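Nothing in this text is a laboratory measurement; each read-out follows from the coordinates by a stated rule. Just so it is clear, the model here is predicted, and its values are computed rather than measured. Quick reminder, even Gly has a Cβ in these numbers, built from the backbone with ideal geometry, and neighbours come from all protein chains shown.
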C-alpha cells in the first residue's frame, strides 16, 4: 500500500485524534498526549506495512498515550483541602461533567464510549482500536453507557 | 491541537524527511520541497499538488510535512533570481529523483551558466551521449527541479523554444530575464 504524505494524516485526522484525546484524558492533558501521539506516529510511519486504516492506527497510538497519561496522573500527588482553581477548559466538549463520568469508567468501556461518541467510529473500527471483536466493542459501549446513565441519574 | 509545536519537535528530532512549502513567483504559486541534501522538487502552479506530494512520499519518504521555515533560503534565493539580483543558486540540489542518463543530462544542464543556452543535441553531447538527443529532451521535460536546474536554457537547434513543463510563456519569461530584457 502507498503511504500518503504524513501532512495528509495531520490534515485529515489530526483534529479527530485531538477530540478523542480531549474526551479521553480531559482538555488539559490532551495537548501533550496529542503531541506524543503524532510524534510516535511520525517515527513509526515509514515502517508501516499493510495498513489500510490510518485513522484507526492513529487512534490506537492515541489510546496508548492516553493510558500512559492515566498512569502518570495516578502517580501524581493529590492535592488536599485546597483545590487550586483551574482555568476553564476549552469549550469543545458540550458537557464536561458527562465526559468526566465517562472517564471514571473501567478501561475498555471508557475507550469504547469515547471512540464511539467523540471520534464517531463504528463498532468494527472501535474493535480494531481496543483489540476486541465488533460484538465485544458494542457490548463495551452499551455497558459503559449504562453505568454513565446510572451515575448521571443519581 | 498545536500543529506548529508538533512540527517544531519533529524537526528537532530529525523526523521530517521532506519539507515543503509554497513559494510565490511572477508566474504563479510554486511548491518547493527540500530534504537534508538540498532541493529535491520544484513544482509549477499547474501541477497537481496532491500528486506531487504523493510522488515525494513514494520515492523519497512518506515523512512529508509542510514546513515553510525550512524553505526560507530557497524562497529568498528564488525571489532574488526573479528580481534579476541573483544568477546562481547556493542551495544544493538533491538528485535522488534522477537516475541513469537523465541524471547525467540534468547535471550537464545544471552546469549551463546564467544567460547561456544549449541545444538539446549539445546537451546530449555534454552528458556523454551525443546521439541521445530525444532522451536529453525527456530528461528536461521531466526535470524535477526546474529553474534551479535550468532546463529553460536548452533550446531546439535553430533557436526554437522546444517545450517547457511550466508552459512556453514561462520559458520565454526566464530567457528574457537572463538576457536582461524583462527588467522594467
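Here are the numbers for this structure:
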item: FRET E, pair residue A:75, residue A:98, Förster distance 30 Å, beta-carbon r, rounded to 0.05; result: 0.65
item: Percent of beta bridges antiparallel (DSSP, segment B:3-82, rounded to nearest 5); result: 80 percent
item: Peptide A:29-40, shielding by other chains (average Cβ, 10 Å cutoff); result: 3
item: Which of A:13, A:70 has the fewest Cβ neighbours within 10 Å, and the rest in rising order; result: A:70, A:13
item: Theoretical FRET efficiency, 1/(1+(r/R0)^6), r = Cβ-Cβ of residue A:122 and residue B:72, R0 51 Å, to 0.05; result: 0.70
item: On Cα atoms only, tilt of B:49-59 relative to the major axis of chain B in degrees; result: 90 degrees
item: Within 10 Å of each Cβ in A:3-15, the average number of Cβ atoms from other chains; result: 6
item: Ranked B:81, A:20, criterion: other C-beta atoms within 10 Å, fewest first; result: B:81, A:20
item: DSSP bridge orientation in chain B - percent antiparallel, rounded to nearest 5; result: 65 percent
item: Mean residue ellipticity (222 nm) of chain A, computed from DSSP H runs ≥ 4 via -39,500 (n - 2.57), nearest 500; result: -23000 deg cm²/dmol
item: Rg ratio (alpha-carbon, reference 2.2 N^0.38 Å) - the protein assembly as shown; result: 1.34
item: Spherically averaged projected area in nm², based on the convex hull that wraps the Cα atoms of segment B:24-179; result: 8.6 nm²
item: Helix B:100-110 vs. chain B, principal-axis angle (Cα, 0 to 90°, nearest 10); result: 80 degrees
item: Paramagnetic reach from residue B:11 in segment B:71-85 [backbone N under 15 Å; point 7 Å along Cα→Cβ]; result: B:71-76
item: Estimated distance in nm for a label pair at residue B:47 and residue A:40, the labels positioned 7 Å out from Cα along Cα-to-Cβ; result: 3.6 nm
item: Euclidean distance between Cα centres, segment B:87-119 to segment A:52-71, Å; result: 45 Å
item: Average partner coverage of B:57-65, which counts Cβ from other chains inside 10 Å; result: 6
item: Simple spin-label estimate for residue B:59 and residue B:80 in nanometres, 7 Å along Cα-Cβ; result: 2.9 nm
item: Rg to Rh, two decimals, where segment B:3-82 supplies the alpha carbon set and Rh follows Kirkwood; result: 0.96
item: For B:147, B:49, order by how many other beta-carbon atoms lie within 10 Å, fewest first; result: B:49, B:147
item: Percent antiparallel among DSSP beta bridges (both partners in the protein assembly as shown, rounded to 5); result: 65 percent
item: Residue-averaged [θ]222 nm for chain B, counting only DSSP H segments that reach four residues, each worth -39500 (n - 2.57); result: -11500 deg cm²/dmol
item: Estimated FRET transfer efficiency when R0 is 25 angstrom, pair residue B:169-residue B:110 (beta carbons, to 0.05); result: 0.60
